[in-house]
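The values are calculated or read from the model by the stated rules, or taken from the named source; none is laboratory data. As the structure is a computational prediction, the values presented were derived from the model and not from experiment. SASA here: full protein model, heavy atoms, side chains in, ligands and nucleic acids out. Shrake-Rupley method; radii C 1.70, N 1.55, O 1.52, S 1.80 Å.
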Amino acid sequence: MIILRSENKPDEAVALAKKQGADNTLPLDIRAQLGRAYAQLGKVPDMVKVADSMKDVPDAMALTFVAEAYRRIGDHGRARGELDNA
């Protein structure tokens, strides 16, 4: 997925993730990449939906992605809280 995103093919990255399963059943690193692919496509609500599904996970990488998603929508308070939890 990272390669597809770096080649400016986020739609293919999303399709690849969808082949693997539902958003909430994917491994954390894949879900974060899926959220970033949604952001690259301009599908910010989908990115936030992925982030919201990961906000209670005690994983620094996941919480960093969640903070990044909240920052993108301008919710700096929630972003800071997630970074503090990471």
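Some points to look at:
- For the chain, the solvent-accessible area works out to 57 Å² per residue, with a probe of 1.4 Å and every protein chain left in place.
- Mean-position separation - Cα centroids, the range 10-37 and the range 47-86, in angstrom: 17 Å
- Per-residue ellipticity at 222 nm, computed for the chain from helices alone with -39500 (n - 2.57) per DSSP H run of at least four residues, works out to -22500 deg cm²/dmol.
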